[in-house]
Amino acid sequence: MPFAFPWTALVTMIAVFVFFWTGIQVARARAKYGIKAPAISGNPDFERVFRVQANTGEQLLQFLPGLWLFAVWFGDLWAAAIGVVWPIGRIIYAITYSKAAEKRGPGFGLTVLPTLILAIGAVVGIMMRLF
Amino acid sequence: MPFAFPWTALVTMIAVFVFFWTGIQVARARAKYGIKAPAISGNPDFERVFRVQANTGEQLLQFLPGLWLFAVWFGDLWAAAIGVVWPIGRIIYAITYSKAAEKRGPGFGLTVLPTLILAIGAVVGIMMRLF
Amino acid sequence: MPFAFPWTALVTMIAVFVFFWTGIQVARARAKYGIKAPAISGNPDFERVFRVQANTGEQLLQFLPGLWLFAVWFGDLWAAAIGVVWPIGRIIYAITYSKAAEKRGPGFGLTVLPTLILAIGAVVGIMMRLF
């Protein structure tokens, strides 16, 4: 039996690589701004890059369960088509927030939107299965 | 073939929504206490709300693998019945910890307990399958 | 149908328990160095233990998707054989970083290495399935 969710799997791995990339930015920002581990504060320029990574982890954790449970009920292609907005939004978020905290809104919204659609869709699918 | 884990999926999404809600509380606390991003400290009232969200993410990450692997061996209903304690414990944790750090114990215990039962059960199931 | 990924499941739970253990170390370090919640800074000895736990969570989140999607295409035993390096690397990371920030490199590398191999392998598997 072939694996039924290749596109959902691809979106998952793209999202994981975006998260990995935000971690590389933190390491670069540590060197650039002279913030040595274990410190995580002391320079707002560093702190914004640090918060991009932390927030991306939190958002990834909220995104993946809904993505996969949406795929179970609405199919691989729909889940992936909605889910692919997440890494795009996150890259925008990372670039804009690294420059200025006030600019982080649109990229943030663009990752929360697919997360919420997939999560609500997953709950609808679960309810249709149960009742 | 119908999806065999609808209740486990429902508990998963409830837990994800509780985590999402703790994030909304952080945004509200930023506004209320005037802690602008990227700062994550400066006011203990804000910091407690912030720690609720961070800790809930960490706990969710520990909870979900055990929940699902428990479900594989002991069935959907048992996993969900034990797992549903997690979001209840987290809501208690969020409310009490937001008020005072000393009060966070019971809610914390009530989320760690199902996590540990499910994790240990998952290991038992894996061992029965392997040996 | 017996569950096809018992070794991958075992590595998953070992990794989750290692993460759980890093959280216990934070609680012990809070007591030892007198850093009361919600504070997460104030003593570099505490901060290193705290960063071990935070970083382990981030790394676990990056590790698990690749581990499982690698297992789907390359089988349970290969995924587990590569993946078991992760908890070993993390224990080395926790012990060395707790002592001195400069010593954290090897343990960090030893967790990122299996994560990257599994992630790249997962993408290769997905591509072979899709095209």
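The values are calculated or read from the model by the stated rules, or taken from the named source; none is laboratory data. All figures in this text were calculated on a predicted structure; none of them were measured in a lab. All Cβ positions, glycine included, derive from the backbone under ideal geometry; neighbour counts span all protein chains shown. For accessibility, only protein heavy atoms count, side chains too; no ligands or nucleic acids. Shrake-Rupley method; radii C 1.70, N 1.55, O 1.52, S 1.80 Å.
Could you tell me how many of the residues in the range B:12-34 are open to solvent by 20 Å² or more (accessible area, probe 1.4 Å) and of a type in the set (A, V, I, L, M, F, W, C)?
Qualifying residue count for the region: 7.
Within the range B:1-56, can you find the residues that are over 23 Å from A:Thr96 (Cα atoms), outside any helix (DSSP H, G or I) and of a type in the set (A, V, I, L, M)?
Once the filter is applied, which keeps residues that are over 23 Å from A:Thr96 (Cα atoms), outside any helix (DSSP H, G or I) and of a type in the set (A, V, I, L, M), the range B:1-56 yields B:Met1, B:Ala4.
Report, by residue number, each residue of the range C:1-49 that is among the β-branched types (Val, Ile, Thr), more than 8 Å from chain B (Cβ to nearest Cβ) and within 18 Å of B:Val123 (Cβ to Cβ). Spell out how you get there, then give the answer.
To start, the set of residues in the range C:1-49 that are among the β-branched types (Val, Ile, Thr) comprises C:8, C:11-12, C:14, C:16, C:18, C:22, C:24, C:26, C:35, C:40, C:49.
Applying the additional criterion that residues be more than 8 Å from chain B (Cβ to nearest Cβ) yields C:8, C:11, C:14, C:18, C:22, C:24, C:26, C:35, C:49.
Correct list: C:Thr8, C:Val11, C:Ile14, C:Val18, C:Ile24.
May I ask you to list the residues in the range C:69-93 that are closer than 18 Å to C:Glu58 by Cβ and within 13 Å of chain A (Cβ to nearest Cβ)?
C:Tyr93
Kindly indicate whether A:Gly66 is at the interface with another protein chain (Cβ under 7 Å from one of its Cβ atoms), under 19 Å from B:Leu61 (Cβ atoms), in contact (Cβ under 8 Å) with a residue 24 or more places away in the chain and in contact with a Phe, Trp or Tyr (Cβ under 7 Å, 6 or more places away or on another chain).
For A:Gly66, the condition - at the interface with another protein chain (Cβ under 7 Å from one of its Cβ atoms), under 19 Å from B:Leu61 (Cβ atoms), in contact (Cβ under 8 Å) with a residue 24 or more places away in the chain and in contact with a Phe, Trp or Tyr (Cβ under 7 Å, 6 or more places away or on another chain) - is not met.
Looking only at the range A:101-111, which residues are surrounded by fewer than 17 Cβ atoms within 10 Å (Cβ to Cβ) and either touching a residue at least 24 places away in the same chain (Cβ under 8 Å) or in contact with a helix residue (DSSP H, G or I) (Cβ under 8 Å, 6 or more places away or on another chain) (or both)? If you could, list the steps in order and put the result at the bottom.
The first filter runs over the range A:101-111 and keeps only residues surrounded by fewer than 17 Cβ atoms within 10 Å (Cβ to Cβ), leaving A:102-103, A:105-106, A:109.
A:Lys103, A:Pro106, A:Gly109 - these are the residues of the range A:101-111 that are surrounded by fewer than 17 Cβ atoms within 10 Å (Cβ to Cβ) and either touching a residue at least 24 places away in the same chain (Cβ under 8 Å) or in contact with a helix residue (DSSP H, G or I) (Cβ under 8 Å, 6 or more places away or on another chain) (or both).
Residue pairs, Cβ under 7 Å, 6 or more apart or interchain, first in the range C:119-131 and more than 7 Å from every other protein chain (Cβ to nearest Cβ) and more than 18 Å from A:Phe20 (Cα to Cα), second open to solvent by less than 70 Å² (accessible area, probe 1.4 Å) and among the β-branched types (Val, Ile, Thr). List them.
If the second residue must be open to solvent by less than 70 Å² (accessible area, probe 1.4 Å) and among the β-branched types (Val, Ile, Thr), the pairs left are C:Gly125/C:Val72.
Give me the residue from the range B:55-81 that is among the aliphatic types (A, V, I, L, M) and crowded, with 24+ Cβ neighbours inside 10 Å and, out of that set, nearest to the chain's Cα centre (by Cα). Walk me through how you get there before you give the answer.
Filtering the range B:55-81 for residues among the aliphatic types (A, V, I, L, M) gives B:60-61, B:64, B:67, B:69, B:71-72, B:77, B:79-81.
From what is left, the residues that are crowded, with 24+ Cβ neighbours inside 10 Å are B:60, B:64, B:67, B:69, B:71, B:79.
Details: B:Leu60: 4, B:Leu64: 9, B:Leu67: 11, B:Leu69: 16, B:Ala71: 17, B:Ala79: 15 Å.
Residue satisfying both the conditions and the ranking: B:Leu60.
I need a count of the residues in the range C:82-93 that are basic (Lys, Arg) and either open to solvent by 20 Å² or more (accessible area, probe 1.4 Å) or farther than 21 Å from A:Ile24 by Cα (or both).
0
Could you list all residues from the range A:94-107 that are within 14 Å of chain B (Cβ to nearest Cβ) and not small (Gly, Ala, Ser)?
First pass over the range A:94-107, keeping only residues within 14 Å of chain B (Cβ to nearest Cβ): A:94, A:96-105, A:107.
Result: A:Thr96, A:Tyr97, A:Lys99, A:Glu102, A:Lys103, A:Arg104.
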